[in-house]
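First comes the structure, then the notes that go with it.
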Amino acid sequence: MRISYKNLKRYKEIVHILIKYGFSFIVEKLNIEDIAYKIPITNPSEEIKNMSTATKIRCVIEELGPTYIKFGQLLSTRKDLFDQDIIDELSKLRDSVEPFDTDTAKIIFKNETGLDIDDIFKEFNDTPIGAASIGQVYEGKLKNNEDVIVKIQRPNIEETIKSDIEILRSIASALKDLYKDIDIDLKQVIEEFNTQLIRELDYNFEAMNAIKFKKMFEDSKEVYIPSIYSEYSTQKVLIMEKIIGIKLSDISKIRELGWSTKNIAEIGVRSLFKQVFEYGFFHGDPHPGNIFVVSSNCHMI
């Protein structure tokens, strides 16, 4: 398997991580220009040895970083390809990304908007409330006292993703014999994944989609879409209205408040039908972490 010089360092990182978790047989199968034979094959630690194979796979993906985490999230929906224990571990990847330094986030914000944080915000919480594979999320209050959520893209993420996609293409070719009996075109999956990721790297697409959703549900008494502050949003920065609610996944809290889960589910189904059958435009990632319940008869995407 041949590799480009610019990706050599990244290949070595991948090899080290695979060996660390006991997947040296994959390294040997890849045969990355003899890199596998230049790196000592060590035995995994006792802690790793005691892990299930599914847990090891999840840990490998987490250490490989954002691109592979996004790919793992995609694969977590493929119950037709993997056993349930692997699906369960891949599903944990949603909230497992390490945050990056807030000073770096502020520099990215300045470079994108041409403005300092203090120029826009009356208050800005330096502690991120969430870290995803593409970006990081903060809370803030604009000068007009409106509470907002601020998404700032990870530094150098575009270069990392493009390098990783090139590596995934090479790996897909090298491992083609392993999945030849599976009814899936791994190369095609990677290309579709690449298209999706490139779009996610431009927050302008997300802003436009959110504005369109806002228009679709502007007369709804059941679904509320947060507003986008387009004047401050760029390719790497997205500012939206802050909504206070309960995550759809927090069933115990919803029941504690006495809200009808049946009613909430019916609202969700009606919302989905409206998106698909009336507009042909629908939310592409409607997992429970992306949906908040704000009252007993209204929920927000």
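The values are calculated or read from the model by the stated rules, or taken from the named source; none is laboratory data. Owing to the predicted nature of the structure, the values given are computational and were not obtained by experimental measurement. Every residue, glycine among them, receives a Cβ derived from its backbone with ideal geometry; neighbour counts consider all protein chains shown. The area values use the complete protein model at the heavy-atom level, side chains included, leaving out ligands, DNA and RNA. Shrake-Rupley method; radii C 1.70, N 1.55, O 1.52, S 1.80 Å.
Only four residue types carry charge here, +1 at the Cβ of Lys and Arg and -1 at the Cβ of Asp and Glu. Report the dipole size of the chain about the Cα centre in Debye, rounded to the nearest 20. Kindly include the intermediate steps, with their values, before the conclusion.
Working: 41 positive and 49 negative charges, 65 e Å.
With only Lys, Arg, Asp and Glu charged at Cβ, the dipole is about 320 debye.
Note that region 226-240 has calculated 3J(HN,Hα) couplings of x, 6, 9, 9, 4, 5, 10, 9, 9, 4, 10, 9, 9, 10, 9 Hz, one per residue in order, obtained from phi through the Karplus relation 6.51 cos²θ - 1.76 cosθ + 1.60 (θ = phi - 60°); glycine and proline are x.
If only the Cβ of Lys and Arg carry +1 and only the Cβ of Asp and Glu carry -1, the dipole of region 222-281 around its Cα centre is close to 180 debye. Stretched out straight at 0.36 nm per residue, the stretch from K187 to L257 would grow longer than its current Cα-Cα span by 20.5 nm. Using the Karplus relation 6.51 cos²θ - 1.76 cosθ + 1.60 with θ = phi - 60°, the per-residue 3J(HN,Hα) values for region 52-60 come to 6, 4, 4, 5, 4, 4, 5, 5, 4 Hz, with x marking Gly and Pro. Expressed as a whole percent, the accessible surface of the chain that belongs to carbon and sulfur atoms is 51, based on a 1.4 Å probe. Overall size of region 59-200 from C-alpha positions, given as principal axis extents largest first: 59, 28, 22 Å.
Using the Cα centre of region 182-256 as the reference point, and only Cβ charges (+1 on K/R, -1 on D/E), how large is the resulting charge dipole? Debye, rounded to the nearest 20. All intermediate terms of the calculation are to be shown ahead of the outcome.
Numbers: 11 positive and 14 negative charges, 67 e Å.
The dipole of region 182-256 has a size of about 320 debye.
Within region 73-130, the trypsin sites (Lys or Arg not before Pro) that combine a DSSP coil assignment with at most 15 other C-beta atoms in a 10 angstrom radius are R78, K79. Projecting the Cα positions of I267, L115, Y279 onto the charge dipole of the chain (unit charges on Cβ atoms of Lys, Arg, Asp and Glu, taken about the Cα centre) puts Y279 furthest along the positive direction. Amide H to amide H distances under 5 Å link G135 with R154, where only residues 5 or more positions off or on other chains count and H is placed in the peptide plane.
At a threshold of 8 angstrom on Cα-Cα distance, excluding pairs fewer than six apart, so keeping six or more, what relative contact order does the chain reach in percent?
On the way: 382 pairs, mean separation 39.0, N = 301.
Dividing the mean separation by the residue count of the chain yields 13 percent.
Near G22, within a Cβ-to-Cβ distance under 10 Å, what is the net charge of the other residues, with Lys and Arg +1 and Asp and Glu -1? Taking every Cβ under 10 Å from that of G22, the sum is +3.
Sorting T42, T160 on solvent-accessible area from highest to lowest, probe radius 1.4 Å, gives T42, T160.
So what is the accessible area of the chain per residue, in Å², with the probe set to 1.4 Å?
Numbers: 16910 Å² over 301 residues.
I get 56 Å² per residue for the chain.
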